[in-house]
Structures are given as C-alpha cells and as structure tokens.
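S.K.: Pasting a structure here, questions to come.
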C-alpha cells in the first residue's frame, strides 16, 4: 500500500518555498510546479514541491556570467592624442 498524499495549501507552499503567492501562481501557470484545483481551492503535493526544489538547484560553475572578470586597477587606455579614452 502506498503512502497517502500529503497536500499543501498555497500559503503553506509559499512559506515552504520562501516565495510570494504571486510567484507560486507563476510557477504553477508556467507548468514548473504541478497543482490541483479542488473546488475553489488550489492544492499542491508536498512531494511535488520537494521535487521542484531539487530541480531548481544551481549546479556549480554555471553562474560565471553573473560576475565578469574585473578590470585591472591602474591601467587606463589613452587615445592617440594622449587623453584618457574614458574622458568625455
């Protein structure tokens, strides 16, 4: 016999994920998080929320585009006439 389904309300799911209700609805509407409408109430399975969290994990080495190499200090480019190229 399988385990019974553990249901979460939208507020509980928001607290578990640490997101706003609007963000939770966006995840549901985009198909990232399965949800079920029971009458006028929307419910999510706690196992689906846990799976969603696991899928959103960031793999190491995938965020390099967010922190480009800094420009070395003390090096300044100059134009042909000797003025700094960043001068207006």
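Just so you know, all these numbers are worked out from the coordinates, no wet-lab data involved. All figures in this text were calculated on a predicted structure; none of them were measured in a lab.
S.K.: Once the convex hull of the alpha carbons of the range 7-57 is built, what does its volume come to per residue, in cubic angstrom?
M.R.: Dividing the Cα hull volume of the range 7-57 by its residue count gives 69 Å³.
S.K.: Right, something else. What value, in deg cm²/dmol to 500, does the helix sum -39500 (n - 2.57) over DSSP H runs of n ≥ 4 give at 222 nm once divided by the residues of the chain?
M.R.: That calculation yields -8500 deg cm²/dmol at 222 nm.
S.K.: May I pose another question? By the gyration tensor of its Cα atoms, with a ≥ b ≥ c the square roots of the eigenvalues, what is the shape of the chain: rounded for a/c under 1.5, prolate for a/b over b/c, or oblate?
M.R.: It is prolate, given that a/c is not under 1.5 and a/b is the larger ratio.
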